[in-house]
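Following: one structure in structure tokens, then a few remarks.
The values are calculated or read from the model by the stated rules, or taken from the named source; none is laboratory data. All values derive from a computational prediction rather than experimental measurement. Because the Cβ atoms are built from the backbone with ideal geometry, glycine has one as well, and the counts that use them run over all protein chains shown.
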Amino acid sequence: MKYGFVKAAAAAPVTAVANCNQNAQGIIELTTELAKKGTELILLPELCLTSCSCGDLFTQPHFIQACNNAIAHISKETATCDSIIVFGAPIENRNSLYNCAVVIYKGEIIGITPKRILNDMLGESRWFTSADNLPNDSHAIIAGKEIPFVKSGLFRTDSYSFGIEIGNEAAALTAPGANHAAAGATIILNPTAQRAVAGAHKETLRRIAEQSVRYKCGYIYAGIGWGESTSNATYPGYCAVAEGGEIIAESDCHIPAAHYTITEIDTEKCAKERKGDTCFARSTATTEIHIPQTTSNSTTLIRRFAAQPFIPNGYTLKEYCNEVFTIQAAALAKRLAYTGAKTCVIGISGGLDSTLALLVTAKACDIIGKPRNCITAVTMPGFGTSDRTYNNALTLMQALGTKIREISIKDACIQHFKDIEHDINNHDVTYENAQARERTQILMDIANQENGIVIGTGDLSELALGWATYNGDQMSMYGVNASVPKTLMQHMVRNIAGNETDEKVKNTLLDIVDTPISPELTPADNEGNIKQKTEDLVGPYELHDFFIYHFVRYGFAPEKIYLMATTAFNGRYDNATIKKWLTTFIRRFFTQQFKRSAMPDGAQVTCCALDPQSGWIMTSDTSYAVWMLNCESIE
């Protein structure tokens, strides 16, 4: 597929104990069905060609020969499939038997990966030999051909590579998957014959997700299931695909039929996660086998993407909001303690950003034992201030016990317009920015008066878009919201409201979340309502936060981000709208870099940051022609 996506499946056929021919037919039918769906990589379970319950039958030459014949039959019958097929089978080599994963592509047996770490708790060593005893250039004979044993190597296509760890090897102290990943495998396969034990499934889920984080890869898990012997165990037949610590596709357990789960693994994302990590800068593979698989140009995705990616999988929303809030407050508390500042000066508009900044500041003061009246909260009504935001600002300041100052900026701005000979009825960028800079000047001067520091309120979304006045609200002495996106802020303030016992404060916080986002720099309408709405001008923040996450964190091209966004926001925004605002994002992100180059300190608290020290490094005059051309190519 395009953009680094690999359509992959984990599948569990119905097995019949020791019936290789029947099992081979089940594998053929299942893989043929998946190949028709455009699946590029198919994993089936450990020993699924024979079943894992054959016991001492594994030692019979006639049975192993029947198994070899079945492998050749599968290879022949799947010759027209453009899928790489991996399944488990016992393979004889040098008078020893090995528990193996067989790799087939377009009628050819490409290679065999033998198991190195046997499960002696299940008596595997009674029948199988560890691959550690095999030389690196070992081969097996199947259908008259020499097939290489890939003991500690990779299988590589033109667009991705994969390695295999079998069954319990995944839980070993020195798991093969670690070496495969270090050697460059972006996908790790784990065919398994794990037994069902009460409570074990949750541990399986945790391990699969953890392996995908640890190896920074896509991880495919296929467990043997229905049809396997239940003489002394049951096998759940669980199938799953994980990426980045999240199980992105999975099947149920104990399904009484052949089944599978299918999705797309983003190998480009995996590769980006590895850059800069020295663990992935060295190769430990002793063998690499190339598979001439043709990359499809398909862009049709089954996979779904989170519309709000800044909320990571594995957290409840409340847990994550609380953690971000605590980190913000701890960072500010440290800065206050270090500087010895007597006061915190913060401008309160009654909007979302300043509300969260004030709540963080109050928490920081609590941490280091400062009284909340050391916070000087300043509301500065201007030409566009609405009664709604003004009253919410006052209510919040009073509830938190801060020192309150109200300073209108109208007269100062009117005088300034006279000084620079600007028509006050011309509501252009000069009219707007003069108000923002007047507010910042007031805050800075009060901080000087009170031996304090100005707490910045600007957030990640505004910084990415450059939606801030240079040397106005762009500037402060410490920015607590610098890596918090607008959509997360809404959740955070709503979460704090849910913990509030004072009904008036709770309702005020909820009203702030529901207030249209606006800089309030142009006059309200005739009814006193906010007329200047940010999202009407630069686009919906939920779209921009999605763009920020995938552009800044992973460096995806606009085309790929667009494709993902059309999936994530299907039914909410049409394709033309997504393309429009994505183009706006790219243009603004590049042209507004100069504001980020001069941004104040602020601790990173989420996975993305734009500060020029360690977050995002880019010159202010970087050309964005390449990215705009990519936007224009979107159809």
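Odds and ends about this structure:
- Conditions (1) crowded, with 18+ Cβ neighbours inside 10 Å; (2) without any contact (Cβ under 8 Å) to a residue 40 or more places away in the chain; (3) within 28 Å of V484 (Cβ to Cβ); number of the one not met by Q398: (1)
Residues are listed down the side, and each one gets a yes or a no for (1) assigned to a strand (DSSP E or B); (2) crowded, with 23+ Cβ neighbours inside 10 Å; (3) not polar (S, T, N, Q):
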| site | (1), (2), (3) |
| --- | --- |
| T15 | no, yes, no |
| N23 | no, yes, no |
| I27 | no, yes, yes |
| L30 | no, yes, yes |
| E33 | no, no, yes |
| G38 | no, no, yes |
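- Taken over region 484-508, the criterion of being out of contact with any Asp or Glu (no Cβ under 8 Å at 6 or more places or on another chain) and assigned to a loop (DSSP other than H, G, I, E, B) is satisfied by N499, E500, T501, D502.
- Every residue from region 241-260 that is touching an Asp or Glu at 6+ places or on another chain (Cβ under 8 Å) and either of a type in the set (D, E) or not assigned by TED's automatic domain parsing to the domain that holds G218 (or both): E243
- When restricted to residues that are hydroxyl-bearing (S, T, Y), in a helix (DSSP H, G or I) and touching a residue at least 24 places away in the same chain (Cβ under 8 Å), region 584-635 contains 2.
- I255 being among the β-branched types (V, I, T), farther than 28 Å from S152 by Cβ and over 15 Å from the mean Cα position of the chain (by Cα): yes
- Just so you know, in region 351-387 the residues that are among the polar types (S, T, N, Q) and either assigned to a helix (DSSP H, G or I) or modelled with pLDDT under 95 (or both) include one that is farthest from the chain's Cα centre (by Cα), and it is N373.
- Criterion: among the β-branched types (V, I, T) and more than 23 Å from G237 (Cβ to Cβ) - qualifying residue of I188, I147, I74: I147
- Subset tally (residues that are under 20 Å from I164 (Cβ atoms), among the polar types (S, T, N, Q) and in contact with a Ser or Thr (Cβ under 8 Å, 6 or more places away or on another chain)) for region 51-98: 5
- Extreme residue, surrounded by the most Cβ atoms within 10 Å (Cβ to Cβ), among residues of region 122-153 that are farther than 22 Å from Q60 by Cβ and among the small types (G, A, S): G153
- Residue in region 78-88 that is over 19 Å from Y260 (Cβ atoms) and either touching a Leu at 6+ places or on another chain (Cβ under 6 Å) or assigned to a helix (DSSP H, G or I) (or both) present: no
- Scan of region 165-178 for residues that are within 24 Å of the chain's Cα centre (by Cα) and over 19 Å from N99 (Cβ atoms), ordered by number: A178
- Within the option set T534, T515, T508, T522, being in the same structural domain as A362 (by TED's automatic domain parsing), at pLDDT 90 or above, of a type outside the set (A, V, I, L, M) and closer than 26 Å to W581 by Cα holds for one residue only, T515.
- Candidates A464, A468, filtered to the one that is assigned to a helix (DSSP H, G or I) and either closer than 30 Å to I586 by Cβ or touching a residue at least 12 places away in the same chain (Cβ under 8 Å) (or both): A464
- From the list T515, T501, the lone residue that is in contact (Cβ under 8 Å) with a residue 60 or more places away in the chain and out of contact with any Phe, Trp or Tyr (no Cβ under 7 Å at 6 or more places or on another chain) is T515.
- Annotation: of all residues in region 514-534 being within 36 Å of the chain's Cα centre (by Cα) and surrounded by fewer than 16 Cβ atoms within 10 Å (Cβ to Cβ), the one that is nearest to G458 (Cα to Cα) is K533.
- Within region 585-635, if we keep just the residues that are surrounded by 20 or more Cβ atoms within 10 Å (Cβ to Cβ) and touching a Lys or Arg at 6+ places or on another chain (Cβ under 8 Å), the residue that is nearest to P309 (Cα to Cα) turns out to be C608.
- Verdict on Y238 being modelled with pLDDT of 90 or more, touching an Asp or Glu at 6+ places or on another chain (Cβ under 9 Å) and surrounded by 15 or more Cβ atoms within 10 Å (Cβ to Cβ): yes
- Flag for F162 being of a type in the set (F, W, Y), in a strand (DSSP E or B) and either in the same structural domain as L47 (by TED's automatic domain parsing) or within 22 Å of the chain's Cα centre (by Cα) (or both): yes
- In region 566-583, the residue that is nearest to S298 (Cα to Cα) out of those that are outside any loop (DSSP other than H, G, I, E, B), within 21 Å of the chain's Cα centre (by Cα) and in contact (Cβ under 8 Å) with a residue 40 or more places away in the chain is T567.
- Top-ranked residue of region 1-33 - restricted to ones that are in contact with a Lys or Arg (Cβ under 9 Å, 6 or more places away or on another chain) and of a type in the set (A, V, I, L, M, F, W, C), ranked as modelled with the lowest pLDDT: M1
- The C-beta contact set for region 116-133 (first residue at pLDDT 90 or above, second residue among the β-branched types (V, I, T), distance under 8 angstrom, 6+ apart or interchain) comprises W127/T59; S130/I117.
- A search for C-beta distances below 9 Å between a residue of region 418-444 that is surrounded by 10 or more Cβ atoms within 10 Å (Cβ to Cβ) and any residue that is β-branched (V, I, T) and in a helix (DSSP H, G or I), counting only pairs 6+ apart in sequence or on different chains, returns H422/T430; I424/I414.
- For region 207-230, filtering for residues that are surrounded by fewer than 24 Cβ atoms within 10 Å (Cβ to Cβ) and more than 20 Å from H254 (Cβ to Cβ) leaves 6.
- Condition check for D511: among the acidic types (D, E) and assigned to a helix (DSSP H, G or I): yes
- Within region 50-98, the set of residues being within 36 Å of the chain's Cα centre (by Cα), buried (at least 16 other Cβ atoms within 10 Å of the Cβ) and without any contact (Cβ under 8 Å) to a residue 60 or more places away in the chain comprises T78, C81, S83, I85, A89.
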